[in-house]
1. Here is a list: 275, 334, 359. Which entry is in contact (Cβ under 8 Å) with a residue 24 or more places away in the chain, in the same structural domain as residue 251 (by TED's automatic domain parsing) and under 15 Å from the mean Cα position of the chain (by Cα)?
2. Give the number of residues within the stretch 321-357 that are out of contact with any helix residue (DSSP H, G or I) (no Cβ under 9 Å at 6 or more places or on another chain), over 21 Å from residue 194 (Cα atoms) and surrounded by 18 or more Cβ atoms within 10 Å (Cβ to Cβ).
3. Looking at 239, 291, 300, which one is surrounded by fewer than 21 Cβ atoms within 10 Å (Cβ to Cβ) and closer than 19 Å to residue 339 by Cα?
4. Taking the stretch 247-288, which residues are in contact with a helix residue (DSSP H, G or I) (Cβ under 6 Å, 6 or more places away or on another chain), over 21 Å from residue 322 (Cβ atoms) and surrounded by fewer than 16 Cβ atoms within 10 Å (Cβ to Cβ)?
5. Looking only at strands (runs of 3 or more DSSP E) that lie completely in the stretch 225-297, which have at least 3 residues being modelled with pLDDT of 95 or more and more than 20 Å from residue 309 (Cβ to Cβ)?
6. Can you name every residue in the stretch 362-385 that is part of a helix (DSSP H, G or I) and more than 29 Å from the chain's Cα centre (by Cα)?
7. Given the structure, is residue 64 in contact (Cβ under 8 Å) with a residue 40 or more places away in the chain, assigned to a loop (DSSP other than H, G, I, E, B) and farther than 21 Å from residue 182 by Cα?
8. Out of (1) out of contact with any helix residue (DSSP H, G or I) (no Cβ under 9 Å at 6 or more places or on another chain); (2) within 24 Å of residue 334 (Cβ to Cβ); (3) surrounded by fewer than 16 Cβ atoms within 10 Å (Cβ to Cβ), what's the single condition that is false for residue 193?
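The values are calculated or read from the model by the stated rules, or taken from the named source; none is laboratory data. A quick note: this is a predicted structure, and the numbers were derived from the prediction, not measured. Reconstructed Cβ throughout: ideal geometry from the backbone, glycine too, with neighbour counts over all protein chains shown.
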């Protein structure tokens, strides 16, 4: 059971997506675990063959508990070789009188099974939920391996069939439990982390002009939103200033080897999650935009992956679309910084000695004083501002 946040102590296993004998590779989703943050898809970091399932469905298990045994390819090879029968000795042909054989009719082709008649595999948890709710599995589209119908697929079918909009979220998230988890993490943060706060205002005229020009060359579904630019700028700045990108654990700071920006995403009904966009500093803007759209959609439907919720190295939060001009975030432990982006507003700005209206965004930093100070924080914010003024380099 992976740790899916500093505040997680245990999780409830609600679905297995693999069974003994299945082969998996690094990054495959193998199970679904319910936590206070919702349903989390658990990925495997080991390639090989599932040898044994160790935890039954609906079991609540502590972090660190083994869930399954995986036999690696190297481990499986000797077993397979030992189990293989020795090659048979070549048969010695015996003399025999010639036999006249009747012509053999060609074999009949196997019957073609219509796609509609083919039965997709169904996970035990999905079958049980379908029986309880009276869902015909033939009406459910599977999203698991080889089209397997998973617990989540049946839940989606329930959403479509019977649940009114305000009830759908209850199938995915316990908002009250999520708020409790958020409150516990933020209370711990304010108790343990000596926060300091900085603010910086940046003229984003260049960003808006570049974005308008860039989007004229893209189809509507692939156009970039303004929000992708601050995320990329923050990621590049975090790579240059590693004191803001990492974790404070066991009374020492551990700089992260990669930049995984956690993006704060509001969940309808009052929830909040900040899953990671992995290697944000290395992704071109179009790919980063695509991953952001996917991440927001899956998070709001309650399908976050374990690697996304467990390893953000720095968090970015924005309430600009809600009209907020500045926000001062609370650091999510064990991270050591959170960056806030407000609404783009027109302000009087001096350019080449003349005052005129310019689009301006307010960037804030909440830093951990055990790791950095105001001087380093000011340089960090200035770097983000510089990058936003050169969007063609993002």
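1. Going through 275, 334, 359 in turn, the sole match is 275.
2. 0
3. Working: 291 fails: closer than 19 Å to residue 339 by Cα; 300 fails: closer than 19 Å to residue 339 by Cα.
That would be 239, the only listed residue that is surrounded by fewer than 21 Cβ atoms within 10 Å (Cβ to Cβ) and closer than 19 Å to residue 339 by Cα.
4. 255
5. 252-255
6. Once the filter is applied, which keeps residues that are part of a helix (DSSP H, G or I) and more than 29 Å from the chain's Cα centre (by Cα), the stretch 362-385 yields 374, 375, 376, 378, 379, 382.
7. On the way: in contact (Cβ under 8 Å) with a residue 40 or more places away in the chain: yes; assigned to a loop (DSSP other than H, G, I, E, B): yes; farther than 21 Å from residue 182 by Cα: yes.
Spelling it out, residue 64 is indeed in contact (Cβ under 8 Å) with a residue 40 or more places away in the chain, assigned to a loop (DSSP other than H, G, I, E, B) and farther than 21 Å from residue 182 by Cα.
8. Result: residue 193 passes all but (3).
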